[in-house]
Amino acid sequence: MKLLVEKAQTIKERAYVPYSHFPVGAAVLYKDDTIIQGVNVENVSFGATNCAERTALFTGIANGYSKEDIVAIAVSANTKDYITPCSICRQVMVELCQADTPIYLTNGNNDIKEVTVDELVPYAFSTLDN
C-alpha cells in the first residue's frame, strides 16, 4: 500500500492543470505487481478534462487488464481533507473495479484513509437492468 500511495503522490506533479491549479495523482495496482499511474488533464473546454483515476484505469484497460486484475487504487492531492474521486470517477470504478476493491485516499499531510468502491458508491448504478 505504501508504494502505491507514493506512486500516486509523486505522479500528481505531472498533472496538466492550468485552470484549476489542482493536481491529482492516481495509481492502480494490478495482481502482477504492475502499477499504472494517472494524472488529471484539463482542457479549456472543461467537459474534455479527464481525472487522474480515469486516466489510470483507462490506461489499464488499454494494456489488457480487467476488473479482476485490480488489487487497489490510491488517489492523492494536496488537500486538507482526504481527496475523494468525483462522481464520474466513482461510476467508472463501479464498472471497472470489483465492489470490494480498496481505495486509498490521501491528503496533503500524507494521511491515508482506506475505503472500498462499494463504500464510495453505496447505491451504485451497476447494470442496465437497474
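The values are calculated or read from the model by the stated rules, or taken from the named source; none is laboratory data. From a predicted model like this one, the values you see are computed outputs, not experimental measurements. Methodologically, a virtual Cβ is constructed for each residue, glycine included, from the backbone with ideal geometry; neighbour enumeration extends over all protein chains shown.
Summary table
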item: Residue match in region 36-47 (condition: at pLDDT 95 or above, among the small types (G, A, S), in contact with a Lys or Arg (Cβ under 9 Å, 6 or more places away or on another chain) and not in a helix (DSSP H, G or I)); result: yes
item: Search result, residues across region 75-119 that are under 17 Å from M1 (Cβ atoms) and of a type in the set (A, V, I, L, M, F, W, C); result: V75, I83, C97, I103, L105, I112, V115, V117
item: Residue match in region 100-111 (condition: assigned to a loop (DSSP other than H, G, I, E, B), touching a Phe, Trp or Tyr at 6+ places or on another chain (Cβ under 7 Å) and closer than 18 Å to F22 by Cβ); result: yes
item: Unmet criterion (only one of (1) surrounded by 15 or more Cβ atoms within 10 Å (Cβ to Cβ); (2) modelled with pLDDT of 95 or more) for D33; result: (1)
item: Members of region 38-54 that are surrounded by 13 or more Cβ atoms within 10 Å (Cβ to Cβ) and over 16 Å from V92 (Cα atoms); result: V41, E42
item: Among the residues listed as A48, A77, A72, the single one being within 17 Å of Y16 (Cβ to Cβ) and in contact (Cβ under 8 Å) with a residue 60 or more places away in the chain; result: A77
item: Residue count for region 1-35, restricted to those that are out of contact with any helix residue (DSSP H, G or I) (no Cβ under 7 Å at 6 or more places or on another chain), of a type in the set (D, E, K, R) and assigned to a loop (DSSP other than H, G, I, E, B); result: 2
